[in-house]
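Participant: Here it is, the structure in full.
Please treat every number below as a calculation from the coordinates, not as lab data. Just so it is clear, the structure is predicted and the values come from calculations on it, not from any experiment. Ideal geometry is used to build each Cβ from the backbone, glycine not excepted, and the neighbour counts take in all protein chains shown.
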Amino acid sequence: MILLVAGITGSVASVLSDGSSLGKYVKYISALVCVLIVISPLKSILKSISVPLSKPQEVDFSSEQLYESAINLTEEQISLKIKEKFGIIPKGICIEIDRDEKIVLSVTLNDEDLHMKDEIDKFIDSLCK
């Protein structure tokens, strides 16, 4: 409807200014207005297309990478707790989840700290409960 009104208005203005020096400018402006009216719906279409592209991606909480990050963080925390309680830094800590979804912790100690293995295992067992 708007395009029809703009076209009729441009035609009337063009006919009225046909003999004058402004005639070509009136035709140019009326054609430009008609083009803008035709293109204006594309703005909303382009905006709706670009919005999903700029949306942040949702985090998949079931991903392996998230589990690995949580396990690495927990391994560091357990290592710090062992250091606080016993004054030693374990060589390694391994956290595994078996098929029954039971958490299995194992601690690897340096040779000079092996005499504390039983105490540390009891401490680790108390953490899992």
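Participant: If you scan the range 93-107, which residues turn out to be part of a strand (DSSP E or B) and either among the aliphatic types (A, V, I, L, M) or surrounded by fewer than 11 Cβ atoms within 10 Å (Cβ to Cβ) (or both)?
Facilitator: Let us first name the residues in the range 93-107 that are part of a strand (DSSP E or B), namely 93-97, 103-107.
Once the filter is applied, which keeps residues that are part of a strand (DSSP E or B) and either among the aliphatic types (A, V, I, L, M) or surrounded by fewer than 11 Cβ atoms within 10 Å (Cβ to Cβ) (or both), the range 93-107 yields ILE93, ILE95, GLU96, ILE97, ILE103, VAL104, LEU105, VAL107.
Participant: If you go through the range 87-126, how many residues are in contact with a helix residue (DSSP H, G or I) (Cβ under 6 Å, 6 or more places away or on another chain) and on the phi > 0 side of the Ramachandran plot?
Facilitator: So the count comes out to 0.
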